[in-house]
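Structure record follows, encoded as structure tokens.
The values are calculated or read from the model by the stated rules, or taken from the named source; none is laboratory data. Predicted model only: the values in this text are computed from it and were never measured. Counting neighbours? That spans all protein chains shown, and the Cβs are built from the backbone with ideal geometry, glycine included. With ligands, DNA and RNA removed, areas are computed over all heavy atoms of the protein, side chains included. Shrake-Rupley method; radii C 1.70, N 1.55, O 1.52, S 1.80 Å.
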Number of protein chains: 2
Amino acid sequence: MTIEEGFGLILKKYRNQSGLSQEALAFKSGLDRTYISLLERGKRKPTINTIFSIAIILNERPSKLIKELEDLLDAV
Amino acid sequence: MTIEEGFGLILKKYRNQSGLSQEALAFKSGLDRTYISLLERGKRKPTINTIFSIAIILNERPSKLIKELEDLLDAV
DNA sequence: ATAGTCCACGGACTATAGTATTCGTAGGAA
DNA sequence: TTCCTACGAATACTATAGTCCGTGGACTAT
């Protein structure tokens, strides 16, 4: 699994937990609807600022998402 | 302080701790020497893959760098 | 049977991450 | 001096992050 694929899975999980649609998350985080879709499908590599923007909207610490991503990648 | 400025400070700190020059870090992480310089001066926003690449070379967990960045930004 | 929500996916674009080259400076060493 | 290492900084380039337009399928509800 690539880093971006793992990030996509984690993003999708937390977004679903928050009850937000892709479009709602996109609007609140100031990103594009289709870009959230691309991220969740592991087709894009977010910048550090994008990671922070998304994490804040999801009420999570960026480091928590990254930690979970590390664990997910290690688990392979 | 912006996210990228904070990341630059942390990168510089850990790079100096590791005893690597910008050029040595660049070589080992497969990035450009001038780009490491740009990052440390807060002029660029690294992607998630770049963050992981650099952290690995510095023998640190990406989440640790991000955690420290959060704390640095909160401290303002 | 149709309207609304949610999302995957594509094409075409714009903004910026990241590369390559070069010049200038400062410090230490020979 | 002269040589070398390390770094900042400018310019110009290439690759890709991120936007904006749309289509269509699955599902729900009315």
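Mean per-residue shielding of peptide B:41-53 is 5, counting Cβ atoms of other chains within 10 Å of each Cβ.
Across the accessible surface of chain A, with the other protein chains kept in place and a 1.4 Å probe, carbon and sulfur atoms take up 50 percent. Centre-to-centre, using Cα atoms only, the stretch A:45-76 and the stretch B:1-66 are separated by 17 Å. Counting only heavy atoms of the protein chains and using a 1.4 Å probe, B:ARG41 has close to 130 Å² of accessible surface.
Rounded to the nearest 100 Å², what is the sum over both chains of accessible area buried where B meets A, with a probe of 1.4 Å? Working shown, then result.
Values: alone 4810 and 4840 Å², together 7910 Å².
Adding both sides of the contact gives about 1700 Å².
For B:SER37, the label point sits 7 Å beyond Cα toward Cβ; its separations from the matching points on the remaining copies run 4.2 nm, from shortest to longest. Beyond 22 Å in Cα-Cα separation lie the following of the pairs A:LYS13/B:LYS13; B:LYS13/B:LYS67; B:LYS28/B:LYS64; A:LYS13/B:LYS45; A:LYS45/B:LYS67; A:LYS64/B:LYS43: A:LYS13/B:LYS13; A:LYS13/B:LYS45; A:LYS64/B:LYS43. Here A:TYR14 sits with roughly 10 square angstrom of accessible surface, probe radius 1.4 Å.
Ignoring everything except DSSP H segments at least 4 long, calculate the 222 nm mean residue ellipticity for chain A; use -39,500 (n - 2.57) per segment, divide by total residues, nearest 500.
Working: 5 runs with 55 residues, N = 76.
Calculated from helices alone, the mean residue ellipticity at 222 nm is -22000 deg cm²/dmol.
As a calculated quantity, the FRET efficiency between B:ASP32 and A:LYS43 at R0 = 22 Å, using C-beta atoms, amounts to about 0.35. Taking chain A as a Gaussian network of alpha-carbon nodes connected by springs under 10 Å, the highest mean-square fluctuation of the residues A:SER63, A:SER53, A:SER37 belongs to A:SER63.
Counting heavy atoms of the protein chains only and a 1.4 Å probe, report the per residue accessible area for chain A as a whole number of Å².
On the way: 3970 Å² over 76 residues.
Ligands and nucleic acids excluded, the figure is 52 Å² per residue.
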